[in-house]
């Protein structure tokens, strides 16, 4: 390539017409042969991207590799600063902890929603029932759970979770009945207290076979602690009548 050719530079007009201009004509203004508009002959200077300090993300001078902000000599440069990740706040961490503890199994969700509907439904309907009617419903509810836990032990490994949810729902229905009866002048909650105490024990006995005493003791301690405390506190002054409130 000759010296004359290398000293030339290209100029593009607004209309798109391109010209190869000699170096001695740089800075002059001429008219475009295509659109007859004024065209300034000047070289295009390539824009250099700014350099950033990889430590404090301050803008750097290309001639001076020392960052004036953190006063550190940087050997490597990045074209642009990286956006730091946002750290979640306390509410975000709490929500994440709750979500991570939620059950992942569809069976557990179905069982949880079923128990919730049972608690809401029976608690709403029991206001119109007398003592024997409520005890009959409560007895057959416990009998149904007993059969369910027996077959669930044979079909699924989630028996412990199913058992805990079922016992909590079973005890909640009884506690709501005791609270409602106490506020409406009812008394004699003895048989109801017996069902509250005996039901979970039968659930535990049926849900675990004889070879699983370790699981039985673990689940029994967790369930009996919640159920026993609720029974003892709710039924101590109830007396005995088998009407679930009479």
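The values are calculated or read from the model by the stated rules, or taken from the named source; none is laboratory data. Because the structure is a prediction, the values reported are computed rather than measured. Every residue, glycine among them, receives a Cβ derived from its backbone with ideal geometry; neighbour counts consider all protein chains shown.
List of remarks:
- Flag if residue 147 is out of contact with any helix residue (DSSP H, G or I) (no Cβ under 6 Å at 6 or more places or on another chain) and closer than 15 Å to residue 119 by Cα: no
- Some residue of region 87-109 being at pLDDT 80 or above, within 30 Å of residue 174 (Cβ to Cβ) and in contact with a helix residue (DSSP H, G or I) (Cβ under 6 Å, 6 or more places away or on another chain): no
- Qualifying residue in region 138-156 (condition: in the same structural domain as residue 176 (by TED's automatic domain parsing) and modelled with pLDDT under 70): yes
- Candidates are the residues of region 9-29 that are within 11 Å of residue 41 (Cβ to Cβ) and assigned to a loop (DSSP other than H, G, I, E, B); the one that is modelled with the highest pLDDT is 13.
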